[in-house]
Amino acid sequence: VTGVQTCALPISAETTSGETTAAEAEGDDAAGEAVFASAGCTGCQTLAAAGSNGNLGPNLDEAKPDYATVMKFVTNGQGAMPAFSGQLSEDDIKNVAAYVSQNAGK
């Protein structure tokens, strides 16, 4: 990823279940860790598992978004967060969604 990405994932704890869903099996959380780093997510998001302390987006450890929520926001973007559907493959989006949803708050 070149340049500075503006990414603010506008989610709250109210939009999450905190439970692992069957959909998470579609993504590979280990591969998602690399996507999280290479897509520039660490500069905007706080996620202890990734060692990131970004403050442009919400604290993912507090929000604990579920797989479907991460898929939605990474794919379509919202607010200051850009859509990554044209930048990441569908598999990369599934993988990063699995990574975030399985590691947020841990």
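The values are calculated or read from the model by the stated rules, or taken from the named source; none is laboratory data. Predicted model only: the values in this text are computed from it and were never measured. Every residue, glycine as well, gets a Cβ built from its backbone with ideal geometry; the counts of neighbours run over all protein chains shown. In case anyone asks, the SASA skips ligands and DNA or RNA and just uses the protein heavy atoms, side chains included. Shrake-Rupley method; radii C 1.70, N 1.55, O 1.52, S 1.80 Å.
For the range 40-52, a residue qualifies if it is modelled with pLDDT of 95 or more and over 14 Å from Tyr99 (Cβ atoms), and exactly one does: Thr46. Scanning the range 57-95 for residues that are open to solvent by 20 Å² or more (accessible area, probe 1.4 Å) and part of a loop (DSSP other than H, G, I, E, B) yields Pro58, Lys64, Asp66, Gly79, Ala80, Pro82, Ala83, Ser85, Gly86, Gln87, Leu88, Ser89. Evaluated against (1) buried (at least 21 other Cβ atoms within 10 Å of the Cβ); (2) at positive phi, Ser101 falls short on exactly one condition, (2).
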